[in-house]
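The values are calculated or read from the model by the stated rules, or taken from the named source; none is laboratory data. Predicted, not measured: the structure shown is a model, and the values here were computed from it. FYI the Cβ positions are ideal-geometry reconstructions off the backbone, even for glycines, and counts take in every protein chain you see. To get the accessible areas, we keep the full protein, side chains included, count just its heavy atoms, and leave off ligands, DNA and RNA. Shrake-Rupley method; radii C 1.70, N 1.55, O 1.52, S 1.80 Å.
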Amino acid sequence: MLVSIVGLVVSLTFVRFSAPDLALTQLAVEAGTILLMLLVLYYLPHKICTPETGITRKLRDLLLALGAGGGLGWVSWQMLGTPFETISGYYLEHSVPGGGGANVVNVILVDFRGFDTLGEITVLATVALAAHVLLGGLVLKAPERDGDGRRWSAEAHPLFLSMMMRPLLPLAITVSVFIYLRGHNVPGGGFVAGLITGVALVMQYLANGIAFTQPLMPRHPPRLLALGLFLAAGIGLASLFYGRPFLTSAHGHVPLPWIGDVELASAMVFDLGVYVVVVTVVLTVLSELGRLSLRTLKKSEAD
Amino acid sequence: MELLLALAIGLLTTCGVYLVLRERTFPVILGLTLLSYAVNLFLFASGRLSIDAPPLIAAGARYTDPLPQALILTAIVIGFGMTAYLAMLALRALSESGDDHVDARQEDERP
């Protein structure tokens, strides 16, 4: 809980110092992290004190920590006090003519430094695959009582929560599509939209239980991962056909009936790839953890 | 304001390093999360602090430095991936070794 509060304060800091994109992302990540922490905490042993921790070791750790913290704090204070010349003028100048978007942070992510982002979503996809490998078939002994010896509540899913969450899901997905579409010009983009969808889907697990939700979810998460990576890398390769370097983006105005003049950039497909990968990663990691509890439950019923 | 942010970075690093040095897995996960907050804020500070200057192109507006922001955005998401991976490793280690200590204890010490 405390960590989540720290995360919220960090996100407020980003709002104050003109980084709306970061604040949105931090906020969405916080929701995922707290769910993850709670699921993990359920399985780890409950004993509070560890007798082998000596006072000397605690003192040594404290000194090390104070040294590191004081050092980094001092360095950042010194850094904040010195004037500097930004190298970002190029990005600010070329964002609209070169990338076709007014949100410079998003244009840097999907266009100027698209190769970085491609590498990053590959790392995320690896995490999701690791979730499969590490947790697949794993059965843990769930504690029957909590730390004070009370039994867990038998009432599984509050009716109010499960009824609220069903209409909320389409709403949350609409919001995430909206945030994805506006990402090129105002704060938003594939990362935030993906996190919002992911957390909304995980809320369904929480509200309705795994037995209800699991059959409704995509069967083969690795295929979705591959689809996302293929979208992102494919749009990069497509620019090769036009004789431009890898991941060059194009943009232009397309008149659509009913909606009017819509500005489209090929970077949006790249962002869509990012979106798919992020949704799948959040979903895979948290639902693998959830399925672990289902297996544990079955085992304890069989015993 | 600058002093406050520097103090916050220092405090987060102190807590993070202390928790990483604990011997059970959950504090280590928490500590790495705190450390990644500290590092993100440090990177953010390297773009200097400016108020009411979001990097959205508009006529006659002031802009803050967008480059650190783009780097941190990816760092936040990677940080979530790393936390998730560590948590899964902790669970796997718990099932393999039967306890949640970071350093493997000697056979004869085990109860």
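Where residues in segment A:291-300 are open to solvent by 10 Å² or more (accessible area, probe 1.4 Å) and touching a helix residue (DSSP H, G or I) at 6+ places or on another chain (Cβ under 7 Å), which of them is modelled with the lowest pLDDT? Per the stated criteria, the residue is A:294.
One residue stands out in segment A:113-142 among those that are modelled with pLDDT of 80 or more and of a type in the set (Gly, Ala, Ser): the one that is most open to solvent (accessible area, probe 1.4 Å), namely A:119. When segment B:6-22 is limited to residues that are facing chain A (nearest Cβ under 7 Å) and open to solvent by less than 20 Å² (accessible area, probe 1.4 Å), the one that is farthest from residue A:60 (Cα to Cα) turns out to be B:6.
In this structure, residue A:110 qualifies as surrounded by 14 or more Cβ atoms within 10 Å (Cβ to Cβ), in a helix (DSSP H, G or I) and either touching a strand residue (DSSP E or B) at 6+ places or on another chain (Cβ under 9 Å) or at pLDDT below 80 (or both). The condition of being open to solvent by 30 Å² or more (accessible area, probe 1.4 Å) and modelled with pLDDT under 80 holds for only one of A:213, A:248, that being A:248. Scan segment A:163-183 and tell me whether some residue there is outside any helix (DSSP H, G or I) and either closer than 30 Å to residue B:66 by Cα or at pLDDT 70 or above (or both). Scanning segment A:163-183 turns up at least one residue that is outside any helix (DSSP H, G or I) and either closer than 30 Å to residue B:66 by Cα or at pLDDT 70 or above (or both).
Would segment B:27-46 turn up any residue that is at the interface with chain A (Cβ under 7 Å from one of its Cβ atoms), at pLDDT 85 or above, closer than 21 Å to residue A:104 by Cβ and in contact with a Phe, Trp or Tyr (Cβ under 7 Å, 6 or more places away or on another chain)? Checking segment B:27-46: not a single residue is at the interface with chain A (Cβ under 7 Å from one of its Cβ atoms), at pLDDT 85 or above, closer than 21 Å to residue A:104 by Cβ and in contact with a Phe, Trp or Tyr (Cβ under 7 Å, 6 or more places away or on another chain).
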